[in-house]
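Since the structure comes first, as structure tokens, the remarks are kept for the end.
Here, each number is a calculation from the coordinates, and none is a lab measurement. Computed from a predicted structure; not experimentally measured. With ideal geometry, Cβ positions are generated from the backbone for all residues, glycine too; neighbour counts draw on all protein chains shown.
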Amino acid sequence: MSGTQPASSGAKLTYSTVAPSTSIEPSSLPTVAQYLFWLMFRNIASDGFVFEDPIRAGVVSAAGCVLAAPAWENTGTQVTQDYVYNWTRDAAMVAIELAHGTLPTNQPLINYVQFAQTCQSSGGDFDRASFLINGQPRPDWTDQTDGPALQTRAILALYNQLDAPTQVVANAVIAANLNYLENAYQGETFKLWGEEYGFSFFACSV
């Protein structure tokens, strides 16, 4: 992007004075996607790439956890919330991208499925929208029924890339999700941002 006025003029740069650059060729989306894929991958925990909860001492990530962002309150002047959590919805969308990407090994997919089961069997509400990075339920968050649905879609997308033992785990996670959703998908839930409770077209659709 380039401004219509040179920076040396002292004019404040605002959206109204910004225009697309005519000197740069349009970006190739497939090319850009390759870089974005690996930037996304940096937020996925593994046995050798471990995150520490900045709020809860001693809580470290389990393999397969997907951080929304490695940022928390007071890490920057614009950060007012904590994002070092695994949101079921976000993690599912990342897993779908992993399933369609080019990974050197299927271990991240295996880790995702195993972590999904850890969260599912953690003893909290089945549709808890956000989990601690070790797979325990986040105590101060809402329940949202779109999570189990999106998680099921993600596991189906990567299912054929799993080894046989992990496919058994995947079958169990999917079966539990579908058993829950059979009665829950038409009911009320918290909306995507956890602010309002009611009927959600998005949750019902997924």
P(r) of segment 100-206 over all Cα-Cα pairs, binned every 10 Å from zero, in whole percent
15, 44, 33, 9, 0
Please report the spacing between the Cα centers of segment 39-64 and segment 77-155 in Å, no decimals.
12 Å
Quick one: putting +1 on the C-beta of Lys and Arg, -1 on the C-beta of Asp and Glu, what dipole do you get for segment 28-205 around its Cα centre, in Debye to the nearest 20?
360 debye
Under the rule of -39500 (n - 2.57) per DSSP H run of 4 or more residues, summed and divided by the residues of the chain, what mean residue ellipticity at 222 nm is obtained, to the nearest 500 deg cm²/dmol?
-12000 deg cm²/dmol
Segment 122-127 - phi-based ³J(HN,Hα) in whole Hz, Karplus 6.51/-1.76/1.60, Gly and Pro as x:
7, x, x, 4, 4, 9
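What FRET efficiency comes out for the pair N179/D125, r = Cβ-Cβ distance, R0 = 22 Å, nearest 0.05?
0.90
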Taking +1 at the Cβ of each Lys and Arg and -1 at the Cβ of each Asp and Glu, which of Q34, F202, P165 sits farthest along the dipole of the chain towards its positive end, judged by Cα position relative to the Cα centre?
Q34
I need the peptides 95-107, 53-65 ranked by packing, meaning the mean over residues of other C-beta atoms within 10 angstrom, with the highest value on top.
53-65, 95-107
What per residue convex hull volume, in Å³, do the alpha-carbon atoms of segment 28-205 yield?
136 Å³
The extension gain from N171 to S205, computed as 0.36 nm times the residue separation minus the Cα-Cα distance, is 10.0 nm
So what's the net charge close to P148: Lys and Arg +1, Asp and Glu -1, counting the other residues with Cβ under 15 Å from its Cβ?
-3
Positive end of the charge dipole of the chain (Lys, Arg +1 and Asp, Glu -1 on Cβ, about the Cα centre): tell me which of T145, T22, I155 has its Cα farthest that way.
T22
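Excluding A129 itself, what net charge comes from residues whose Cβ is under 10 Å from its Cβ, given Lys and Arg +1 and Asp and Glu -1?
Surrounding charge for A129 is -2.
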For V32 and W193, FRET efficiency with R0 = 25 Å and r from the beta-carbon atoms, rounded to 0.05?
0.35
